[in-house]
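Trainee: Quick one: the structure is below, questions incoming.
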Amino acid sequence: MIRWLLVTFLALMLIGWLSPLLRRLGFGRLPGDLRFRWLGREWQIPLASTLLLSLLVGGLAKWL
C-alpha cells in the first residue's frame with residue numbers, strides 16, 4: 001500500500017511541475033477540470049485532463 005501512495009504522490013508532483021507545459025497544450029481547460037479561487041489563491045483540479053493523460057499513458061504502455 002505504501003508503494004501505491006508513493007507512486008500517486010510522485011505522479012501528482014510530476015503533473016504539477018508539467019502543468020504550465022500541459023496548459024499550453026490545452027490540458028487543464030477541458031470540460032470536467034475544476035478551477036476556483038479560495039482564500040486568495042487559485043486552485044485547479046484537473047479531473048478530465050488526468051483521466052485523458054492516464055488513458056494515453058496506459059494505451060502507450062500496452063502498445064509497447
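The values are calculated or read from the model by the stated rules, or taken from the named source; none is laboratory data. None of the values given here were measured: they were computed from a predicted structure. Cβ: placed from backbone, ideal geometry, glycine included. Neighbour counts: every protein chain shown. For the accessible areas, the whole protein counts, side chains as well, though only heavy atoms, and no ligand, DNA or RNA atoms are used. Shrake-Rupley method; radii C 1.70, N 1.55, O 1.52, S 1.80 Å.
Trainee: Across the range 39-51, what is the total count of residues that are in a helix (DSSP H, G or I) and either open to solvent by 70 Å² or more (accessible area, probe 1.4 Å) or polar (S, T, N, Q) (or both)?
Mentor: Looking only at the range 39-51, we keep the residues that are in a helix (DSSP H, G or I), and these are 47-51.
Among the residues that remain, those that are also either open to solvent by 70 Å² or more (accessible area, probe 1.4 Å) or polar (S, T, N, Q) (or both) are: 47, 49-51.
Residues flagged as in a helix (DSSP H, G or I) and either open to solvent by 70 Å² or more (accessible area, probe 1.4 Å) or polar (S, T, N, Q) (or both) within the range 39-51 amount to 4.
Trainee: Scan the range 35-46 residue by residue and report those that are of a type in the set (A, V, I, L, M, F, W, C) and either touching a His at 6+ places or on another chain (Cβ under 8 Å) or at pLDDT below 85 (or both).
Mentor: Filtering the range 35-46 for residues of a type in the set (A, V, I, L, M, F, W, C) gives 36, 38-39, 43, 45.
Once the filter is applied, which keeps residues that are of a type in the set (A, V, I, L, M, F, W, C) and either touching a His at 6+ places or on another chain (Cβ under 8 Å) or at pLDDT below 85 (or both), the range 35-46 yields W43, I45.
Trainee: Applying the selection to the range 21-38, what residues are part of a helix (DSSP H, G or I) and surrounded by fewer than 10 Cβ atoms within 10 Å (Cβ to Cβ)? Steps first, please.
Mentor: To start, the set of residues in the range 21-38 that are part of a helix (DSSP H, G or I) comprises 21-25.
L21, R24 - these are the residues of the range 21-38 that are part of a helix (DSSP H, G or I) and surrounded by fewer than 10 Cβ atoms within 10 Å (Cβ to Cβ).
Trainee: Cβ contacts < 8 Å: first residue closer than 11 Å to P46 by Cβ, restricted to the range 15-35; second residue loosely packed, with under 10 Cβ neighbours inside 10 Å and modelled with pLDDT of 80 or more, any location; separation 6+ or different chain. Result?
Mentor: Going by the 8 Å Cβ cut-off, the qualifying pairs are R35/E42.
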